[in-house]
1. From the set of residues in the stretch 150-167 that are acidic (Asp, Glu) and within 15 Å of the chain's Cα centre (by Cα), which is farthest from HIS93 (Cα to Cα)?
2. Of the numbered conditions (1) within 14 Å of the chain's Cα centre (by Cα); (2) part of a helix (DSSP H, G or I), HIS37 fails exactly one; give the number of that condition.
3. Here are some residues: GLN75, GLN81. Which one is of a type outside the set (Lys, Arg), farther than 20 Å from SER120 by Cβ and buried (at least 17 other Cβ atoms within 10 Å of the Cβ)?
4. Taking the stretch 61-79 only, how many residues are of a type in the set (Lys, Arg) and either within 24 Å of ALA50 (Cα to Cα) or in contact with a Cys (Cβ under 6 Å, 6 or more places away or on another chain) (or both)?
5. Within the stretch 195-208, can you find the residues that are exposed (fewer than 12 other Cβ atoms within 10 Å of the Cβ) and outside any loop (DSSP other than H, G, I, E, B)?
6. Would you check which residues across the stretch 93-130 are more than 15 Å from the chain's Cα centre (by Cα), part of a helix (DSSP H, G or I) and buried (at least 20 other Cβ atoms within 10 Å of the Cβ) and list them?
7. Condition (residue is at pLDDT 75 or above, part of a helix (DSSP H, G or I) and within 24 Å of TYR121 (Cα to Cα)) applied to the stretch 45-55: is it met by at least one residue?
Amino acid sequence: MLDTMPRLSMNPAAHLNFADRLISSADHALRTMTGAHAGRRPSPAAGLKAELSDEDGQLAGALMRVNHVGEVCAQALYRSQALVTSDATLRHHFERAAEEEVDHLVWTRQRLAELNAHSSYLTPLWYAGAFGIGVAAGLLGDRLSLGFVVETERQVEAHLASHMDRLPAADRPSRAIVAKMQQEEAAHAEEAMQAGARELPAPVRGLMRLAARVMTRTAHHI
């Protein structure tokens with residue numbers, strides 16, 4: 001559920017003008033792409049160990065790279081939608097969701113390092129593309145912007161479920177991270193629905209699925 005207006009009044013970002021928010025958004029983008037964020041919660045993988053074969057390690061690394069790209073895109077989407085909305089309560093909703101998903105970004109990056117796998121070399125491109133899509137969605141109106149969140153989170157949830165089927169059974173750390181992310185993505189979709197999301201037209205949902213497939217197949221390798 002959305003926070004109440006009294007709580008919003010205590011949020012310093014709520015009182016920034018557009019130029020200030022644009023600068024803040026650029027700073028956030030740089031921190032997202034360079035891995036400078038710090039998580040607020042411990043990783044679900046903390047304390048878990050996995051002995052993986054080279055083949056399983058490479059597969060896990062590729063899948064977690066895709067998941068990391070997804071979290072990069074989530075940051076871009078939420079921050080861009082927060083930037084363009086004129087509704088202060090909705091802006092706080094987007095910013096709060098982005099902050100919650102910073103943990104996902106940090107967890108997946110940490111797991112990539114543990115697997116000796118690299119993040120996507122195309123991270124700046126993924127961020128820029130997702131930011132542009134978020135701006136376009138936001139300019140269509142708040143209800144459609146929220147609808148875009150719902151559809152995105154539903155697709156991410158299904159994508160994570162498929163990764164649970166593909167991750168090596170022995171990779172308990174990666175599986176713990178993906179399971180927690182899946183749970184929280186579903187919660188974000190529900191929050192957007194409660195905030196008044198409007199369902200997107202079928203052709204738009206289809207285009208989103210197509211774009212997601214291109215991204216996942218590319219990030220799996222690059």
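1. GLU157
2. Just one mismatch for HIS37, condition (2).
3. Working: GLN75 fails: farther than 20 Å from SER120 by Cβ.
From the options GLN75, GLN81, the qualifying one is GLN81.
4. Count: 1.
5. Pass one, the stretch 195-208, residues exposed (fewer than 12 other Cβ atoms within 10 Å of the Cβ): 201-203, 206.
Once the filter is applied, which keeps residues that are exposed (fewer than 12 other Cβ atoms within 10 Å of the Cβ) and outside any loop (DSSP other than H, G, I, E, B), the stretch 195-208 yields ALA202, PRO203, GLY206.
6. ARG111, LEU112
7. For the stretch 45-55, residues at pLDDT 75 or above, part of a helix (DSSP H, G or I) and within 24 Å of TYR121 (Cα to Cα): present.
Rundown of residues vs (1) at pLDDT below 85; (2) in a helix (DSSP H, G or I); (3) farther than 16 Å from VAL66 by Cα, yes/no style:
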{"site": "LEU144", "(1), (2), (3)": "yes, yes, yes"}
{"site": "VAL149", "(1), (2), (3)": "yes, yes, yes"}
{"site": "LEU160", "(1), (2), (3)": "no, yes, no"}
{"site": "HIS163", "(1), (2), (3)": "no, yes, no"}
{"site": "ALA169", "(1), (2), (3)": "no, no, yes"}
{"site": "ALA179", "(1), (2), (3)": "no, yes, no"}
{"site": "GLU185", "(1), (2), (3)": "yes, yes, no"}
{"site": "ALA192", "(1), (2), (3)": "yes, yes, yes"}
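The values are calculated or read from the model by the stated rules, or taken from the named source; none is laboratory data. This one's a predicted model, so the numbers in the text were calculated from it and none came from an experiment. So basically every Cβ, Gly included, is an ideal-geometry build from the backbone, and we count neighbours across all protein chains shown.
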